[in-house]
């Protein structure tokens, strides 16, 4: 959560009691952490359009109002409130403040007309208008009227909050400029200022608040936002946990005892959110210091070894932040996946192959990912060099092109590299391997052998379903097997658009009739939902699969058949008759038994 920086802050721990009508507030010294905690000048707000509150705390037993000599002067440094816990930064009609029960707010404003302060609870005292005006109070001192103020001057009063906790409204009014001015009987003329005051029994200040504090993981030191980074940290790099701690009034907690500890041997150092600290030496760091704009740096204890660690940060014994982060290790294994079959007499690395991962990378006959010893996928760009194992190259598959995976290749998996191989003029296959050399350690890792195939373009095809019969609601899979002109499983180049008709089936694959790359074995699979929105009719059906660019040359339209049913067994007339005969026989037996029972009696 972002910090509120425009609030005027008073950090105060206090309790209040009222004895025989006398205010008694015991408070710790105010820790004013920002220059904004100084009082606002009386003439800083709009004339006849503002109401100020003294934000400096009184060290005595009561608040301090403007003195008669000081009223009208710009200097308000000596004005004090008592028991004020927090005040927002505004001076208009949407102000907020929190004060202890029985506390006192020192109010002042600059006006050029008759003015009045009113409140929904509590009472006013110590009214001031300088030497030219008069002050009078309404019933119960709930209203104070300032008369005789015809030129710009400051007015002031002390408002004493009720001893009953709750929410109260303190308002200031001025004349409307056309002759109507406030009176004790009718003070509400033109609203010039308003404060919504929350009266509390005890301060919630000085205690950690998760609502107003922020803590988040990041890949660099910065202002705490409360939003964790989604990035990955590679081998020999560091995580940072930035934090900033406030109390329930969004007031800085100040200095205190900070302890940060990490599991699994994580190495920590404690610094600020404005400068990168050096790596630490231990899994625990302790400091008495500021709770504002801080950052914990997290490093792996052993270079090259992956680390997953949970970091716990406490302030004055209270846990304020717990974050789990992972630092990747060096490459320990390679996996090659999602292979296609290359085209004859082609390097294949310059073909788009359908931009299979939506990144615009060419030549994706296969993908490879690098992982550390904990199974974390590693950004290959950061850690080393990749190459094909030359010992696995053949005379027909003469080379391979590899492109490192980057953080942009996230559509089908983060940090996927691509591999393509050069095919000769004859269909063939080879068991290739990829090698990876870690830059920092020099360790070389080889992938398991993978089959690199080369074949000619699709020429003919067959089609078949995975089952002979289906029930409504099932999924049916249609496999189309493409062959090249030599009868080999074809390469993965698209065979062109197709027209597929399948009665009682609804196509659900995204491929539809569009051109599609086949898998390494030359097949493309289409998935259908069995049934139509209008229902299904039992029977045997024949589908047609027509790849027109192939059937126009040498292929034949495929016509695989299948059965469909509702799944509800049909009942014949013979079955119905048989059930009736059985029912009559059962009834006759019951009648005979009943007759025997009657004869016995």
Original post:
Within the stretch 264-275, can you find the residues that are touching a residue at least 40 places away in the same chain (Cβ under 8 Å) and surrounded by 15 or more Cβ atoms within 10 Å (Cβ to Cβ)?
Top reply: 266, 268, 271, 272, 273
Original post:
Does the stretch 237-244 include one or more residues that are without any contact (Cβ under 8 Å) to a residue 40 or more places away in the chain, outside the structural domain of residue 87 (by TED's automatic domain parsing) and surrounded by 15 or more Cβ atoms within 10 Å (Cβ to Cβ)?
Top reply: no
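Keeping to the stretch 507-518, report how many residues are surrounded by fewer than 17 Cβ atoms within 10 Å (Cβ to Cβ) and modelled with pLDDT of 85 or more. First the steps, then the outcome.
So in the stretch 507-518, the residues surrounded by fewer than 17 Cβ atoms within 10 Å (Cβ to Cβ) come out as 507-515.
Still in the running and modelled with pLDDT of 85 or more: 507-508.
Residues that pass the stated criteria total 2.
Does residue 248 satisfy being under 25 Å from the mean Cα position of the chain (by Cα) and surrounded by fewer than 22 Cβ atoms within 10 Å (Cβ to Cβ)? Spell out how you get there, then give the answer.
On the way: under 25 Å from the mean Cα position of the chain (by Cα): yes; surrounded by fewer than 22 Cβ atoms within 10 Å (Cβ to Cβ): yes.
Here the answer is yes, as residue 248 does meet what is asked.
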Original post:
For residue 479, are the conditions met, namely being in the same structural domain as residue 423 (by TED's automatic domain parsing), touching a strand residue (DSSP E or B) at 6+ places or on another chain (Cβ under 9 Å), outside any loop (DSSP other than H, G, I, E, B) and touching a residue at least 40 places away in the same chain (Cβ under 8 Å)?
Top reply: no
**OP:** All but one of (1) part of a loop (DSSP other than H, G, I, E, B); (2) at pLDDT 95 or above; (3) under 26 Å from residue 438 (Cβ atoms) hold for residue 292, so report the exception by its number.
**Re:** (3)
Original post:
Is it the case that residue 521 is out of contact with any helix residue (DSSP H, G or I) (no Cβ under 6 Å at 6 or more places or on another chain), over 26 Å from residue 351 (Cβ atoms) and surrounded by 13 or more Cβ atoms within 10 Å (Cβ to Cβ)?
Top reply: no
**OP:** State whether one or more residues within the stretch 481-495 are touching a helix residue (DSSP H, G or I) at 6+ places or on another chain (Cβ under 8 Å), surrounded by 14 or more Cβ atoms within 10 Å (Cβ to Cβ) and at pLDDT below 95.
**Re:** yes
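Would you confirm whether or not the stretch 570-587 contains a residue that is more than 30 Å from residue 349 (Cα to Cα), surrounded by 15 or more Cβ atoms within 10 Å (Cβ to Cβ) and either at pLDDT below 95 or in contact with a strand residue (DSSP E or B) (Cβ under 9 Å, 6 or more places away or on another chain) (or both)?
Quick first cut of the stretch 570-587, residues more than 30 Å from residue 349 (Cα to Cα) only: 570-587.
Then drop every residue that is not surrounded by 15 or more Cβ atoms within 10 Å (Cβ to Cβ), which leaves none.
No, the conditions are met nowhere in the stretch 570-587.
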**OP:** Within the stretch 108-122, track down each residue that is within 28 Å of residue 251 (Cα to Cα) and either surrounded by fewer than 23 Cβ atoms within 10 Å (Cβ to Cβ) or modelled with pLDDT under 95 (or both).
**Re:** 108, 109, 120, 121
Original post:
Do we find a residue being more than 29 Å from residue 351 (Cα to Cα) and outside the structural domain of residue 351 (by TED's automatic domain parsing) anywhere in the stretch 493-502?
Top reply: yes
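Given the structure, is residue 265 on the phi > 0 side of the Ramachandran plot, over 23 Å from the mean Cα position of the chain (by Cα) and at pLDDT below 95? If you could, list the steps in order and put the result at the bottom.
Working: on the phi > 0 side of the Ramachandran plot: yes; over 23 Å from the mean Cα position of the chain (by Cα): yes; at pLDDT below 95: no.
Here the answer is no, as residue 265 does not meet what is asked.
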Subject >> Criterion: assigned by TED's automatic domain parsing to the domain that holds residue 227, touching a residue at least 60 places away in the same chain (Cβ under 8 Å) and buried (at least 20 other Cβ atoms within 10 Å of the Cβ) - qualifying residue of 336, 296, 311 >> reply: 311
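The values are calculated or read from the model by the stated rules, or taken from the named source; none is laboratory data. Here the structure is a predicted model, which means the values were calculated and not measured. Neighbour counts are summed over all protein chains in view; Cβ atoms, including those assigned to glycine, are modelled from backbone coordinates with ideal geometry.
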